[in-house]
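Structure first, commentary second.
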Amino acid sequence: MPKRPATILVLLALLPFAASSRAQVDAPPRPKASLAHLLRYEPTGLSLPAPYARGKIPVLFIHGLWSSPSSWHQMIATLEEDPEIEGRYQFWTFGYSTGDPIPYSAHLLRQNLEELRRKLDPDGSDPALDRMVVVGHSMGGVLTKMIASDAGDRLWRVLSDRPDAELRGEKDDVTLFRSGLFFAARPEVRRVVYIATPHRGSRFDRGAIERVGMRLVRVPDPLRAAHRRLIASNGEGFFRDRFRKALPTSIEELEWGSPMITGLAGLAPPPGVRVHSIIAVRPGSPPGDRTDGLVTYDSAHVAGAETERIVATGHMCQDHPEVINEVRRVLTDHAKF
C-alpha cells in the first residue's frame, strides 16, 4: 500500500465532527462527515454536553483550527473524575467552521453566549454564570481573547483608515461587519487559559499543510456576498487593498504578520480578567526557535500572564497529562475566589 503524504495524515488526524448549528442545552450526537465538506461548511454552535446546572461555574472550551469540540473529550472526562472540580463546574464547548474569518466566528460565539444566557438565566439570578472560565486551544485561544477583550477601533483600522461612521451599505451588512470588529469584553468571563495559541500568527502557511488547507476551506457565500456589497457601496479608497480584493479565511488571517493577526495581537483582557498560558514546546527544539511544530514560543507567549506553563510536547496537546493538570490547577484556584 503506498504511503500517504504526511500532510494528508495530519488532516485526517484532525477530522472534525459536525457541531450544533445554534446554541443548545442538549447537544445531539455529531455524525462523522467527509473532510472537505466539514472544512467548507461545518456549522457553528455553543453546546452543553450535560444539562445546565444552576450554581456551577461554566468552563467554556474552544477548539483550534481543523479540529472540533470532540478534541476536548479526554480533558473534560478527566476533570469530571475530580469531585472538587466536577462539583463546582459545568463544561461547555463551542464549535465553529474552520474557514470562516476569525472576527465572524467570535461574533457568532458572542451571539450564542447572549442567547444561552437569556434562555438559562433570564433574570440574572445565577451568580455562577458571571464567573466563567474560557479555555482555548490554538485558534480557539484567539477567539477566547476576542470575547474577553475590548476591541476599540483596533480591528477597524486593519480594514480602513477612514472613520467607521462613514461606512455605507445595506443595514444588515453594516451591522454584521461592525459586530465582528467593534466589541467589548463579555462581562461573565473572569479567567482565560490559552493553550498553544498563535497570538502573533503561525508560519505554517509556508508549508504544504497550508496549501492543502486553502483548497479545502472557503468563506460562506452569504458572507462573501455581504463583503461584495460593502465594497461596491463604498469608494475605491475606503478599504485597504487586501480587504478589497477578498474576504480572508481564518488560515490567511493566521499567517505570521498578517494585518488581522497583528491587530488581534494588540488586544488584551481588562485588568479584572486573570490570564494563564500553557505553551507547548516540541522536545529537541533549538533554543532560538522553540516551537510545537506549528506555533513558536514567541507567538504563544503572553506578556503579563499570571502564570505560564511550558509543556514538552507538540501542538495537539489537549490530552497531555501536564496540560490537563495545569487546567485543573487553574480551576481549583478559581473556585477559591
Next on the checklist: How would the range 65-201 be classified by its alpha-carbon gyration tensor: rounded, prolate or oblate, with rounded meaning a/c under 1.5 and the a/b versus b/c comparison settling the rest?
Outcome noted: prolate
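Give me the compactness ratio for the range 90-163, meaning the Cα radius of gyration over 2.2 N^0.38 Å.
Working: Rg = 14.4 Å, N = 74, 2.2 N^0.38 = 11.3 Å.
The value comes to 1.28.
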Item to check | Residue-by-residue Karplus 3J(HN,Hα) for the range 161-170, coefficients 6.51, -1.76, 1.60, Hz, glycine and proline x | outcome: 9, 9, x, 5, 5, 8, 4, 10, x, 4
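Report, please, the projected area of the range 212-301 averaged over directions, based on the convex hull of its C-alpha atoms, in nm². Before the final figure, lay out the partial values.
Working: hull surface 36.9 nm².
Averaged projected hull area, Cα only: 9.2 nm².
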Item to check | Model label zone, residue 82; criterion: amide N under 20 Å from point 7 Å along Cα-to-beta-carbon; scope the range 310-337 | outcome: 310-313, 317-337
Item to check | Alpha-carbon centroids, the range 219-291 and the range 151-191: separation in whole Å | outcome: 14
Checklist outcome for this item: Across the alpha-carbon set of the range 144-194, Rg over Rh with Rh taken as the Kirkwood radius works out to 1.05
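Strictly over 25 Å apart at the Cα level, which of 119/171; 119/336; 171/245 would you flag in this model? Can you show the working numbers first?
On the way: 119/171 27 Å; 119/336 28 Å; 171/245 22 Å.
Too far apart for the 25 Å limit: 119/171; 119/336.
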Checklist outcome for this item: Counting sequence-distant residues (5 or more places) and residues on other chains, those with an amide H built under 5 Å from that of residue 90 are 57, 59
Item to check | Sequence-distant residues sharing a close amide H with residue 274 (under 5 Å, placed H) | outcome: 191, 192
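Rounded to the nearest 20 Debye, what is the dipole magnitude of the range 227-337 about its Cα centre when Lys and Arg each give +1 and Asp and Glu each give -1 at the C-beta? List each step's numbers first, then the result.
Numbers: 13 positive and 14 negative charges, 82 e Å.
Dipole magnitude for the range 227-337 comes out near 400 debye.
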Item to check | Extension gain, residue 178 back to residue 289 (0.36 nm per residue minus Cα-Cα distance, nm) | outcome: 36.2 nm
Item to check | Under 5 Å, built H, 5+ apart or other chain: amide partners of residue 309 | outcome: 277, 278, 279
Checklist outcome for this item: Diffing the range 253-260: the Karplus 3J(HN,Hα) column from phi (6.51, -1.76, 1.60, θ = phi - 60°), in whole Hz with x for Gly and Pro, holds 5, 7, 4, 4, x, 5, x, 5
Item to check | Protection-proxy order for peptides 118-124, 197-203, 278-284, each taking the mean of Cβ atoms within 10 Å per residue, highest first | outcome: 197-203, 278-284, 118-124
Checklist entry - Once phi is turned into ³J(HN,Hα) by the Karplus curve 6.51 cos²θ - 1.76 cosθ + 1.60 with θ = phi - 60°, what whole-Hz value does each residue of the range 268-277 show in order, with x for glycine and proline? => result 8, x, x, x, x, 9, 8, 10, 10, 10
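Read-outs: derived from the displayed coordinates by stated rules, not from any lab. Source: prediction; values computed, not measured. Reconstructed Cβ throughout: ideal geometry from the backbone, glycine too, with neighbour counts over all protein chains shown.
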